Amino acid sequence: MSETQGGGSDRPGVIHARPVPHPGRWVALVAILVLVAMMISSFMTNERWNFPKALEIMQQAPVIEGLLKGTIAGTLGGMAIGVVGGVLIAVLRLSQNPILRFVSFAYTWFFRGIPRLVLLAMIGSGVGYLYRRVDFGVPFGQQFAQWLGLSQDFTFFTLNVNQFSSTLLAGIVGLGLSEAAYMAEIARAGILSVDKGQAEAAQALGMNRGITLRRIVLPQAMRVIVPPTGNETIAMVKDTSLLSAIPVITELFYQTSAIGSRTLLIMPAFVAVTAWYLIVGSVLMVGQFYLERYFGRGFGMTRRQARKAQAKRVARPAGMGGA
Amino acid sequence: MTETTSTSRQRTGAGDAPPLVRAVNVMKSFHGNEVLKGIDLTVHRGEVVVLLGPSGSGKTTFLRCINQLETIDGGRIWVDGELMGYREDDKGHLHHLTDKQVAAQRRDIGMVFQRFNLFPHKTALENLIEAPMQVKGISKKEATARAHELLEHVGLADKPSAYPGALSGGQQQRVAIARALAMDPKLMLFDEPTSALDPELVGEVLRVMRDLAKAGMTMIVVTHEMGFAREVADHVVFMDAGVVCEEGTAREVIGNPQQERTKSFLRRMRSEEQQERQDEQDLEQA
């Protein structure tokens, strides 16, 4: 013991060790650089890529309209319905009422089981064929009115399904219903990840189930829910291209490929649509970063907090720290 | 630390005033496993009752039954004259209370958990103001002022904006006590409040509890801290295998136990305490 404590200049000092050599990394770097150089040279020399044209297609009015309406509004709307619906279905799934639990299970079973493309095609043309219009009113109100011979048939609002079913809104509803089934599983996992003691502590303070869920459990579940939801959102951006099955054609992929086939600039059109999808996806990733940071508060440390703590530790003499 | 007697504490007359907690023949089973086999307990206002007993004896379960975190299968529990968890109609039939009614009954009963259970996504201050604002509808300003006061009481005036993850176990438990007090409870339940703490942090939590007892709070405490029981408890209840084995003053139960089970439990606790003391001495000598 005493050897390490003893004084003298022969004691080992600060370490300046040589790093472990990684020749493989240099080989890989060179190989990758060569491949990238080949790719760039092909972009420059192969005129069929036609990047200027692709840039032009990206900026055309129908493409921009398709991007804003079908793709961006479609994603936002679909995800809004999906997240709200999903959390609701997850709460039903965890309810003490067996009937609600079954409803939730059945919903997930159905909407997760059918492809989005099929669902959208069905909403677009099938539902309008089955039900031309949907009346909102008292259940069986029309039958009652007939029996009783009343002129009022208890209908408050009528939806013309034929008109509605081919709109962007119908498409958004379809995407949202399908998304809700997936979001329900994500939300359920999130809710279950919250320690049971949290709900108990909240209840012991006199909070009822609603407040407990809203103020204590869900905010903590969000930490687990947000990352896969970001994934779902980016998947949704791409799935808006399925809206053409409704058929809603004010949508990014339909518009660009239409321009591509009309002008015979097929590949530049694909480049244009790829670029747009990548841009939208990148923006969403930035948003996800901030959301994750917000819902991760209190768990682990942000970089700034870590720096602060580090500064404090250095400022305080060793052995005096801690509380 | 010198021992102080609990007689200096103000107490309302135990004889005439109705008890704050009256539990009669409380029974509870989990999946056919009988955990509580008819517990009787009476707690008067201002009294500190310590529940002792080996693990698995049902102390924690009984504590959780008092504020309905567990529903009871038999017997009755009244807190401040109110039947907990059920409503009795004119014909003597019992009806379950709704979620909201149960929540309302819990408002006046504070609970401190072994594992603190602070809300990790909220700062210490936010932990304290959440329930008063959400449940009692107190304004944020008023709740915040009261929260600062309580944090000062538990010695954490400088930590209102700290997240629980940045606090030590002892600090977290003190915040948890302050959080329960923020609802102005008439009864405080402590479920092994120091069992999850490092030994050097136990003292700061016991100090807060001792102050609380001195201020006249009615407390039911499940603990293995014999020193605390001897010093603060007005009434000690020894439980084993779901029944009350022995009860009385701390001096009677801890100082002069009558039942064999109590004796052997206390012997075990004492030898553990001695072992700890021995370890400390060994450390000092090394």
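Bear in mind that the values in this text are calculations on the coordinates, not laboratory data. Everything numeric here is computed off the predicted structure, so don't read it as measured data. FYI the Cβ positions are ideal-geometry reconstructions off the backbone, even for glycines, and counts take in every protein chain you see.
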Taking the alpha-carbon distance from residue B:122 and a cut-off under 29 Å, which lysines remain once sequence neighbours fewer than 8 residues away in the same chain are dropped? A:196, A:308, A:312, B:100, B:136, B:140, B:141, B:159, B:186
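Across peptide A:194-201, how many C-beta atoms of other chains are within 10 Å of each residue C-beta, on average? All intermediate terms of the calculation are to be shown ahead of the outcome.
On the way: counts 2, 3, 1, 6, 5, 2, 6, 14.
Taking all residues of A:194-201 together, the mean is 5.
Packing-wise, with mean Cβ within 10 Å as the measure, how do B:241-248, B:26-33, A:199-206 rank, highest first? Could you put the intermediate results ahead of the total?
Working: B:241-248: 18.6, B:26-33: 12.9, A:199-206: 24.0.
For the peptides B:241-248, B:26-33, A:199-206, the packing ranking is A:199-206, B:241-248, B:26-33.
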Determine the distance separating the Cα centre of the stretch B:241-268 from the Cα centre of the stretch A:181-214; give it in Å without decimals. 40
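Please report the relative contact order for chain B, taking Cα pairs under 8 Å with a sequence separation of at least 6, and give it as a percent rounded to a whole number.
Working: 484 pairs, mean separation 69.7, N = 286.
Computed value for chain B: 24 percent relative contact order.
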Give me the one-decimal nm value for the distance between modelled label points at residue A:266 and residue A:136, 7 Å along each residue's Cα-to-Cβ direction. 4.6
Remind me, relative contact order of the stretch B:141-225 in percent, using alpha carbon pairs under 8 angstrom and six or more residues apart? 31
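Can you compute the charge dipole magnitude of the protein assembly as shown about its Cα centre, using +1 on each Lys and Arg Cβ and -1 on each Asp and Glu Cβ, nothing else charged? Give it in debye, rounded to the nearest 20. Please list the in-between numbers first.
On the way: 64 positive and 57 negative charges, 361 e Å.
Dipole size: approximately 1740 debye.
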Apply the a/c threshold of 1.5 to the C-alpha gyration tensor of chain B and tell me whether it is rounded, prolate or oblate. oblate
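With +1 on each Lys and Arg Cβ and -1 on each Asp and Glu Cβ, and nothing else charged, work out how big the dipole of the stretch A:62-176 is about its Cα centre, in Debye to the nearest 20. Don't skip to the end; give the middle numbers.
Details: 7 positive and 3 negative charges, 67 e Å.
Dipole magnitude for the stretch A:62-176 comes out near 320 debye.
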Inter-part gap, Cα centre of the stretch A:248-303 to Cα centre of the stretch A:53-90, in whole angstrom, is 9
What is the set of long-range amide H partners of residue B:245 at a cut-off below 5 Å, with H atoms built 1.01 Å from backbone N? B:238, B:239, B:240
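At a threshold of 8 angstrom on Cα-Cα distance, excluding pairs fewer than six apart, so keeping six or more, what relative contact order does chain A reach in percent? Write out the running numbers ahead of the final one.
Working: 335 pairs, mean separation 80.4, N = 323.
This gives 25 percent for chain A.
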Cut-off is 10 Å between beta-carbons; in what order do A:130, A:150, B:212, B:52 appear when sorted fewest neighbours first? A:130, A:150, B:212, B:52
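Pick out, in residue order, every one of the trypsin sites (Lys or Arg not before Pro) in the stretch B:36-125 that is DSSP loop and has at most 14 other C-beta atoms within 10 Å; say none if there are none.
Details: sites: B:37, B:45, B:59, B:64, B:76, B:87, B:91, B:100, B:106, B:107, B:115, B:122; in loops: B:45, B:91, B:107, B:115, B:122.
Those satisfying the criteria are B:91.
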Calculated from backbone phi, Karplus (6.51, -1.76, 1.60) coupling profile of the stretch A:157-167 in Hz, x at Gly/Pro: 7, 10, 9, 7, 5, 4, 6, 6, 5, 9, 8
Quick shape check on chain A: root eigenvalues a ≥ b ≥ c of the Cα gyration tensor, a/c under 1.5 is rounded, otherwise prolate if a/b tops b/c, else oblate, and it reads oblate
If the cut-off is 18 Å between C-alpha atoms, which aspartates and glutamates fall inside it for residue A:69, apart from same-chain ones fewer than 8 positions away? A:239, A:251
Taking residue B:37 as the anchor, which lysines have their alpha carbon closer than 24 Å to its alpha carbon, excluding any fewer than eight residues away along the same chain? B:28, B:59, B:263
Membrane-span-like helices (DSSP H runs, Cα span along own axis at least 24 Å, mean Kyte-Doolittle at least -0.5) in chain A -> A:23-45, A:74-93, A:168-193, A:218-239, A:266-295
Mean residue ellipticity (222 nm) of chain B, computed from DSSP H runs ≥ 4 via -39,500 (n - 2.57), nearest 500: -11500 deg cm²/dmol
Interchain or long-range residues, amide H under 5 Å from residue B:219's placed H: B:47, B:48, B:49, B:188
For residue A:137, residues with placed amide H under 5 Å, excluding near neighbours: A:156
Rounded to the nearest 20 debye, what is the charge dipole size of chain A about its Cα centre when +1 sits on each Lys and Arg Cβ and -1 on each Asp and Glu Cβ? 1160
Yeah, the protein assembly as shown with a ≥ b ≥ c from its alpha-carbon gyration tensor (a/c under 1.5 is rounded, else prolate when a/b outruns b/c, oblate otherwise) is oblate
